[in-house]
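Enquirer: Got a structure for you, written out below as structure tokens; questions coming shortly.
The values are calculated or read from the model by the stated rules, or taken from the named source; none is laboratory data. Bear in mind that the values here come from a model prediction, so they are computed numbers and not experimental data. Backbone-built Cβ (ideal geometry, glycine too); neighbour counts: all protein chains shown. Please note that ligands, DNA and RNA were not included when accessible areas were found on the heavy atoms of the full protein model with its side chains. Shrake-Rupley method; radii C 1.70, N 1.55, O 1.52, S 1.80 Å.
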Amino acid sequence: MADASKIGTDWQADELDAIVADYFAMLAAEQAGVPYVKSHHAQALMARTGRTHRSVEFKHMNLSAVLSELGLPTIRGYKPKPNYQHAIFAAIDRYLAAHDDAWTLGDDRLPPLPSASPSLHEAPTPFSSPFNGEGDHDPKGSAEPELVEGAPPSSPLIQLTDPPPLGQNTPRPEGLQRLVRKFDPAARDARNRRLGLSGEHQVFHFERARLAAADRPDLARKVEWTSQERGDGAGYDIRSFDPDGAERFIEVKTTRGGPRTDFFLSRNERAFSQEEPERFRLYRLYDFSSAPAAEGRARLFALKPPLERAVRLEAEVWRAGFLRHSTR
């Protein structure tokens, strides 16, 4: 039974530590495909903390919001709610500092690193075309094109979504910003080669299936996993096509976090996007979970140059070179 004296009061540090640890216990079970009952966990937390069921559920959704921005998977069914109690940031910091394995939850269920690129004669996975066979268009009829291409029907592998609107972004609370700086989800995703290649592999098949569904199996067979065939220096990962035959150069950025998780864009990738603004696309693949739940689809939005319309680009490192002295 809830403690009436705690209703409307902030959670204390020991209570926050308990719910953070319990959230990660459920998340680990979900990622491993081990059955668990959320209501049993909630009841145990209510008994331990004296908090109401509503308060426990809301705190779970707060945790989803923070973990989503940190590039971590979240528990399905706990929709992220960013109305944070600021003390929750310190509790998450304490947990992550003591449990480095939290960053690898579900990694063992990702596909193994490919030893070679997929065969061009391999049959693409069928599904209803997410773009309905259409190219870029603006359904509102405005002069400025949409950032996301086509309508967003679902596929068995990927659900298309809209990108986060840049103009409506609100600054991260300082505690969350400090967590992002400390644990750097963009750098962690960039270092996770298995995650990146798994995302590229899924997009490779997504593109082939998209073209096959548009009655262009000839183009589907020509889709190339460029980063595997030719190396990482091209400025994009996958060469695909529009149904009319126009080339599409795709850079894939994958995260297990949410749509607002930071990512790295290399100088070469940005330069290529500026050189090929009509043909370059950045695919942001997020909620890339290894959990075997049936509803566990990854989500994707596509950005077209200029990328500054959709994301804020900030310099993280500088390349240093030495000046050459004249011999004259």
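Enquirer: In the stretch 30-53, which residues are surrounded by 17 or more Cβ atoms within 10 Å (Cβ to Cβ) and closer than 22 Å to residue 96 by Cα?
Expert: Result: 30, 31, 41, 42, 45, 49.
Enquirer: Are any residues in the stretch 1-21 open to solvent by 30 Å² or more (accessible area, probe 1.4 Å) and of a type outside the set (A, V, I, L, M, F, W, C), and if so, which ones? Lay out the reasoning, then the answer.
Expert: Within the stretch 1-21, the first condition is being open to solvent by 30 Å² or more (accessible area, probe 1.4 Å), and the residues that meet it are 1-10, 12-14, 17, 21.
Of everything in the stretch 1-21, those that are open to solvent by 30 Å² or more (accessible area, probe 1.4 Å) and of a type outside the set (A, V, I, L, M, F, W, C) turn out to be 3, 5, 6, 8, 9, 10, 12, 14, 17.
Enquirer: Going by the structure shown, is residue 183 touching a Pro at 6+ places or on another chain (Cβ under 7 Å), under 25 Å from residue 109 (Cβ atoms) and hydrophobic (A, V, I, L, M, F, W, C)? So that I can check it myself, show each step before the final result.
Expert: Values: touching a Pro at 6+ places or on another chain (Cβ under 7 Å): no; under 25 Å from residue 109 (Cβ atoms): yes; hydrophobic (A, V, I, L, M, F, W, C): yes.
No, not satisfied.
Enquirer: Any chance the stretch 52-59 includes a residue that's outside any loop (DSSP other than H, G, I, E, B) and among the aliphatic types (A, V, I, L, M)?
Expert: The first filter runs over the stretch 52-59 and keeps only residues outside any loop (DSSP other than H, G, I, E, B), leaving 53-59.
Narrowing further to those that are among the aliphatic types (A, V, I, L, M): 56.
Scanning the stretch 52-59 turns up at least one residue that is outside any loop (DSSP other than H, G, I, E, B) and among the aliphatic types (A, V, I, L, M).
Enquirer: Let me ask something else. Please work out if residue 189 is assigned to a helix (DSSP H, G or I), within 16 Å of residue 286 (Cα to Cα) and open to solvent by 10 Å² or more (accessible area, probe 1.4 Å). Explain how you work it out, then say what you get.
Expert: Details: assigned to a helix (DSSP H, G or I): yes; within 16 Å of residue 286 (Cα to Cα): yes; open to solvent by 10 Å² or more (accessible area, probe 1.4 Å): yes.
For residue 189, the condition - assigned to a helix (DSSP H, G or I), within 16 Å of residue 286 (Cα to Cα) and open to solvent by 10 Å² or more (accessible area, probe 1.4 Å) - is met.
Enquirer: Let me ask another. Out of the stretch 160-183, which residues are at pLDDT 70 or above and open to solvent by 50 Å² or more (accessible area, probe 1.4 Å)?
Expert: Quick first cut of the stretch 160-183, residues at pLDDT 70 or above only: 160-165, 170-183.
Answer for the stretch 160-183, where residues must be at pLDDT 70 or above and open to solvent by 50 Å² or more (accessible area, probe 1.4 Å): 162, 165, 170, 171, 172, 174, 177, 178, 181, 182.
Enquirer: Mind checking which residues of the stretch 62-95 are of a type in the set (S, T, N, Q), open to solvent by 50 Å² or more (accessible area, probe 1.4 Å) and either at pLDDT 95 or above or outside any loop (DSSP other than H, G, I, E, B) (or both)?
Expert: So in the stretch 62-95, the residues of a type in the set (S, T, N, Q) come out as 62, 64, 68, 74, 83, 85.
Remaining after also requiring open to solvent by 50 Å² or more (accessible area, probe 1.4 Å): 83.
None - no residue of the stretch 62-95 is of a type in the set (S, T, N, Q), open to solvent by 50 Å² or more (accessible area, probe 1.4 Å) and either at pLDDT 95 or above or outside any loop (DSSP other than H, G, I, E, B) (or both), so the list stays empty.
Enquirer: Test residue 2 against the criterion of being part of a loop (DSSP other than H, G, I, E, B) and farther than 20 Å from residue 176 by Cβ, and give yes or no.
Expert: Working: part of a loop (DSSP other than H, G, I, E, B): yes; farther than 20 Å from residue 176 by Cβ: yes.
Yes: the conditions hold for residue 2.
Enquirer: When you look at residue 36, is it in a helix (DSSP H, G or I), under 27 Å from the mean Cα position of the chain (by Cα) and over 14 Å from residue 87 (Cβ atoms), yes or no?
Expert: Details: in a helix (DSSP H, G or I): no; under 27 Å from the mean Cα position of the chain (by Cα): yes; over 14 Å from residue 87 (Cβ atoms): yes.
In short, no.
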